[in-house]
Structures are given as C-alpha cells and as structure tokens.
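Reading through the structure tokens given below for one structure.
No lab work stands behind these numbers, since they all come straight from the coordinates. For clarity, every value in this text was computed on a predicted model and none was experimentally measured. Because the Cβ atoms are built from the backbone with ideal geometry, glycine has one as well, and the counts that use them run over all protein chains shown.
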Amino acid sequence: MKASDLLVKALENEGVEYIFAVPGEENLDVVESLKDSSIELVVTRHEQGAGFMAATYGRLTGRAGVCMATLGPGATNLSTPAAYAYLGAFPLIMITGQKPIKASKQGQFQIIDIVKLYEPICKLSKQIVNGNTIPSLVREAFRRAEEERPGTVLLELPEDIAAEDTDANVIQASVRQYAVADEFVLNEAVKKIKAAKMPLILLGAAANRKTSWKALEHFARNTGIYFFNTQMGKGVADERCDFFIGTAALSDNDYLHCAVAKADLILNIGHDVVEKPPFLMSDNDKMVIHLNYKSAQVDEVYFPQLELVGDISLTIEKLSLKLAGWKCGPMDYFKLVKQEVERHIVEGSEDDSFPIIPQRFVADTRKAMGENGIIALDNGIYKIWFARNYKAYYPNTVLLDNALATMGAGLSSAMMTAKLNPDKRVLAICGDGGFMMNSQEIETALRMDLNLVVMILNDNAYGMIRWKQQLAGFTDWGLEFTNPDFVKYAEAYGAKGHLVTSAASLVSTLDNAFVQGGLHIVEVPVDYSANVSVLIEELATKVRLLRNK
C-alpha cells in the first residue's frame with residue numbers, strides 16, 4: 001500500500017469527515033488517495049480559511065478537525081490558525097507537505113524548518129520519516145490534539161515518504177474517560193462553599209467543550225449561587241437564568257467587577273489564564289476554587305487555593321449531591337448587580353438613529369436569531385458589545401475568540417458552523433476590517449452550498465484600535481480606510497447583497513435573508529461614538545455608586 005493511502009485510511013479510522021486544504025505539488029499523493037475516500041476534500045481560497053474551518057470543526061464536535069497545506073509559504077500561512085486553536089483549546093490536526101528528504105534536486109527552494117517553527121504553538125510537531133510510522137503517529141496526533149487541554153498538532157509528510165510502499169496497519173483508538181475529582185478535595189470544596197458569605201461562580205471556555213450545561217444550571221439554581229461567565233464561556237448556562245449576572249467583556253469598571261470585589265469565594269469552572277483574566281487575584285483576598293479538566297496554570301494573577309481536577313460535569317454532579325438541601329444566604333448585592341446589568345443592556349436597544357448604534361444592532365440581532373440560532377464573531381469592538389449585551393441561551397451558540405483574538409477568522413468559523421448545523425440560523429458577524437482579511441472564502445461558501453448570512457458592521461476604520469487610541473489620549477488619526485461596495489462585492493461572487501438603510505430595517509433584512517436561504521451579505525453602517533461615552537465614562541460613574549452600596 002502506498003503511504004499516502006495508509007495516511008488516508010488512518011484518518012478515516014479516526015472518523016475524519018473533511019479535510020480543508022490549499023494543496024500544493026507536495027500533497028498530490030494525498031490528494032490522489034483522497035479521491036476514493038469517504039473523507040470530503042474542501043478546497044479553500046487561503047490556508048487561513050482551511051485552518052479556521054478545521055479548528056471550528058474541532059471546537060464544535062470535540063473531534064480534531066483536519067487541514068492541509070503545502071511546504072514553505074503554504075505551511076507558514078497556517079501559523080495563525082495554529083495559534084488560534086492552540087490558545088483557544090480547539091483540537092486541530094495540520095498536515096503539511098515537504099520536498100523529498102531522501103534525495104532532492106531543488107536545493108533549499110521553499111524549504112524552511114516547519115517542524116521547529118511550529119513547536120511553540122503545537123502540542124506535537126513531527127515530521128513523518130517512514131511510511132510504517134504513519135499509523136502510530138496519526139493515532140498519537142489525534143490523542144494529543146483531543147485530550148484536555150485540546151490544541152494543535154502538526155504532521156509534516158515529505159512527498160517521497162508519501163509515495164513509498166508500506167505494509168503497516170492502522171491503530172484503533174483507545175477508550176478514554178476523565179475521572180471525577182478526588183473525594184477528599186470534593187469534601188474540602190463543600191466546606192469552603194458552605195463557609196462562604198458571598199460565593200460566586202465563574203464559567204469559562206472549558207465548560208463549553210463538553211455537555212455540562214444541565215449540571216451547571218442545576219447546581220446554580222439548587223444552591224442559589226450567582227454566576228457570570230467569560231466571553232468564551234457564553235452559553236455554558238442559559239443567560240436568561242435568574243442567577244446570571246453578566247459576561248466579563250471589559251477588563252475593569254463593569255458592574256460584575258463590583259460583584260467579584262464583594263465575593264469571598266469564587267468557584268472557577270472551566271476557565272484558564274489563556275483567556276483574558278476576568279478577575280485578578282491579590283494575596284489571599286478571597287478563596288478561589290479551580291474546577292477543570294486540568295490543574296491550574298499558576299501565575300501572578302491566578303493561584304487558586306483548592307483544585308478540583310477531573311471531568312467538569314461529573315465533578316459538578318458530585319458537588320451537587322454533597323450540597324443537596326443547602327442553599328446560600330440571601331445575595332441581595334448580587335441581585336442588585338444583576339438589576340443594573342439588565343437596565344444597562346436595555347438602554348439604547350430601541351434607538352432609531354442611523355447609522356445604527358451598538359446597543360440597537362445587538363438587540364436586533366438577538367431578535368433575528370430566534371431561540372437556537374448561532375452567531376460567529378470576528379474580532380473588533382463589536383465583540384465587546386455582543387459579549388455584554390447579547391444573551392446566549394445554549395452552549396456554543398455564541399462563537400468568539402478571546403484567546404488569540406485574531407481578526408479574519410469569523411467568516412470561516414461561521415462557514416464551518418453552517419455546514420454542521422444546516423437547519424439552524426447561522427450568522428457571521430464581521431467588522432469591515434476583519435471581513436476583508438479573508439473575504440475570498442465567500443467563493444468557498446457558495447461552492448459548499450451553505451445557508452449563511454454574513455453581517456458586516458461598517459465604520460470604515462479599525463474601530464477597536466481607534467477606540468484604544470482615544471482612550472490613550474492620542475490623536476484620532478491613521479486608522480480609517482475605504483471599502484468596496486459590499487452589495488456589488490457579494491453579487492460579484494454570486495451571493496445576494498443587502499444594504500441596511502435604517503435601524504428599523506435590520507431585523508426584517510436579516511429575517512428575510514434567513515428565510516430565503518443561500519448566502520447573503522448584509523452591510524450595516526454603524527456609529528461607534530458610544531464606545532467611550534457608554535463603555536467607559538458612563539460605566540465608571542455608575543460603578544462607583546454601586547461599589548459604595
């Protein structure tokens with residue numbers, strides 16, 4: 001059997017459904033082997049598109065997504081998706097090509113040491129030097145990529161190795177189950193929780209990776225402990241719950257920071273310090289219990305005093321049993337924080353001004369998405385507004401990146417989401433800057449026959465950095481640009497384009513696009529003048545009052 005055939009069989013054995021790729025000549029043996037495979041080859045228009053789609057497949061399914069590129073520039077173009085998956089904890093396998101390693105007549109043409117280049121942003125980075133090692137390397141690659149904490153693995157396959165003969169056989173996956181936290185530590189956690197006067201729960205990204213939302217909601221309701229989440233923890237528990245007090249979208253001076261300051265115990269479920277810290281510990285100012293699949297990564301802002309390491313859902317169920325019948329005392333202050341958060345979210349949500357202000361476009365997007373629609377956000381200032389103001393009802397219905405926080409990933413992430421969820425409303429939310437970084441994948445989306453709506457929030461600038469520029473007291477300069485006519489841009493690809501011309505028309509435009517099906521691009525002119533006045537100045541005044549209560 002040819003080694004490339006064995007590679008494909010090994011991937012099939014792992015349950016791989018798709019390979020997203022921009023192939024090069026060094027990958028042609030693999031491409032040929034895929035011809036009669038059950039694996040669907042999806043050719044993208046840039047390696048970033050392939051990597052982001054594969055990473056999102058891993059994020060949503062828990063099984064490693066697979067992408068492929070050639071050597072040199074093809075491989076280096078995967079570096080951003082590799083870091084995206086590595087920091088975000090999305091299982092991803094990258095397969096790259098290479099010139100022959102036994103004999104080559106092309107010198108160093110296009111050759112750089114890709115394996116070493118990727119070592120800092122991969123859980124495993126390995127060159128395949130013998131066809132017989134393919135089964136074990138593929139099995140190990142998937143094990144490493146998928147086990148907690150998930151992440152990126154690179155396998156480099158030189159073209160002469162891909163073409164050689166081998167008689168090796170694939171290796172079946174082993175059964176793996178995460179244990180529950182130790183009984184002694186569970187009992188210690190129960191003591192600490194019962195002793196706390198003002199306990200608070202933080203829900204992070206890892207709690208979104210497995211089916212733990214029912215156990216977490218049950219725990220919050222039965223104990224009466226209020227909870228908040230990180231941006232990547234949105235949807236872990238239903239944000240309509242009476243005990244939900246908000247999302248940590250800002251670094252400081254938001255309502256929930258008042259709650260964190262008052263709390264004497266934080267049960268930190270599924271969060272790690274890769275995502276921007278939603279609170280900073282100081283010397284023993286509060287008890288922090290770390291509950292996660294992996295032990296805590298300790299640094300100067302996070303050093304929990306107690307760690308519950310094991311399966312999140314099973315550990316929560318154990319805690320619930322041990323706390324059965326117990327309820328924390330009245331949490332009037334947290335209830336007040338919740339009321340302030342709810343009041344603030346409603347402000348501006350019906351404002352008719354145009355271009356549309358953030359509070360309005362977030363509220364109207366929530367109306368258009370229905371009960372179980374999914375939004376996938378690129379990176380920009382709007383991400384903060386959606387994190388704060390948009391309520392998630394179910395796990396993985398708000399997909400954003402607050403680990404690498406890269407621009408250009410939102411469209412590809414939404415494409416993969418639409419592929420996996422053909423019966424749900426899926427909306428890509430991009431700024432004009434981020435959209436143009438990988439907008440060529442519109443052609444890929446059309447070829448994949450996706451039902452997808454892309455909303456472009458247009459302010460003709462790099463809005464997030466412009467906001468930071470203003471906060472720093474610098475001159476408003478150097479961050480504006482012009483854009484194409486996005487309606488004509490959509491039509492040039494064969495998609496449908498729409499320009500929103502009033503605040504009142506946004507919901508109907510989105511709703512009609514979803515009803516029609518197919519690919520739609522909706523341009524929304526936006527006014528970000530409230531970024532400073534609302535998110536900084538107004539909040540600072542109100543938060544000072546709340547902290548004194």
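Below is a table of values for the structure above.
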{"read-out": "Residue among GLY473, VAL138, THR406 farthest towards the positive dipole end of the chain, charges placed on Cβ", "value": "GLY473"}
{"read-out": "Test item: Cα-centred dipole of the stretch 183-339, Lys/Arg +1 and Asp/Glu -1 on Cβ, debye", "value": "560 debye"}
{"read-out": "Whichever lysines have a C-alpha closer than 19 Å to that of LYS234, once near sequence neighbours (fewer than 8 apart) are set aside", "value": "LYS210, LYS214, LYS276, LYS338, LYS367, LYS383, LYS391, LYS424"}
{"read-out": "Ranked GLU480, GLU275, criterion: other C-beta atoms within 10 Å, fewest first", "value": "GLU480, GLU275"}
{"read-out": "Cross-link pairs LYS192/LYS318; LYS191/LYS549; LYS294/LYS327 - those with Cα-Cα distance over 24 Å", "value": "LYS191/LYS549; LYS294/LYS327"}
{"read-out": "In the stretch 7-72, the trypsin sites (Lys or Arg not before Pro) that fall in loop regions by DSSP, at most 10 other Cβ within 10 Å", "value": "LYS35"}
{"read-out": "Electrostatic dipole magnitude of the stretch 322-403 [Cβ: Lys, Arg +1; Asp, Glu -1; Cα centre; debye, to 20]", "value": "480 debye"}
{"read-out": "The stretch 419-434-the stretch 1-67 distance, computed between alpha-carbon centres (Å)", "value": "22 Å"}
{"read-out": "Inter-centroid distance (Cα atoms) of the stretch 458-533 relative to the stretch 236-302, Å", "value": "32 Å"}
{"read-out": "Distance cut-off 20 Å, percentage of C-alpha pairs in the stretch 317-424 lying past it", "value": "56 percent"}
{"read-out": "Net dipole in debye of the chain [+1 Lys, Arg Cβ; -1 Asp, Glu Cβ; about Cα centre; nearest 20]", "value": "1640 debye"}
{"read-out": "Ranked TRP467, TRP477, TRP385, TRP326, criterion: other C-beta atoms within 10 Å, fewest first", "value": "TRP477, TRP326, TRP467, TRP385"}
{"read-out": "Helix-only mean residue ellipticity at 222 nm for the chain, each DSSP H run of n ≥ 4 adding -39500 (n - 2.57), per residue, nearest 500", "value": "-11000 deg cm²/dmol"}
{"read-out": "Rg to Rh, two decimals, where the chain supplies the alpha carbon set and Rh follows Kirkwood", "value": "0.99"}
{"read-out": "Overall form of the stretch 173-259 per C-alpha gyration tensor (a/c, 1.5; a/b vs b/c)", "value": "oblate"}
{"read-out": "Modelled FRET efficiency - R0 51 Å, ILE39 with ASN548, Cβ distances, 0.05 increments", "value": "0.25"}
{"read-out": "FRET efficiency estimate (nearest 0.05) - Cβ-Cβ, ARG343 to ASP285, R0 41 angstrom", "value": "0.90"}
{"read-out": "³J(HN,Hα) computed for each position of the stretch 154-161 - Karplus, 6.51 cos²θ - 1.76 cosθ + 1.60, integer Hz, glycine/proline x", "value": "10, 10, 9, 10, x, 5, 6, 5"}
{"read-out": "Segment GLN297-ASN253, length gained on full extension (0.36 nm per residue, minus Cα span)", "value": "13.3 nm"}
{"read-out": "Dipole of the stretch 3-163, positive direction: furthest Cα of THR44, GLY97, PRO81, with charges on the beta-carbon", "value": "PRO81"}
{"read-out": "Relative exposure of GLU347, GLU239, GLU26, GLU183, judged by other C-beta atoms within 10 Å (fewest first)", "value": "GLU183, GLU347, GLU239, GLU26"}
{"read-out": "Pair THR501, GLU32: separation of 7 Å Cα→Cβ label points (nm)", "value": "5.7 nm"}
{"read-out": "q = 0.10, 0.19 Å⁻¹: log10 I(q)/I(0) that the Debye formula gives for the stretch 183-339, counting C-alpha atoms only", "value": "-0.29, -1.24"}
{"read-out": "Cα-projected label distance for THR61 with GLU12, points at 7 Å along beta-carbon direction, nm", "value": "1.6 nm"}
{"read-out": "Alpha-carbon centroids, the stretch 303-322 and the stretch 173-209: separation in whole Å", "value": "2 Å"}
{"read-out": "Cα-projected label distance for THR133 with ASN483, points at 7 Å along beta-carbon direction, nm", "value": "4.9 nm"}
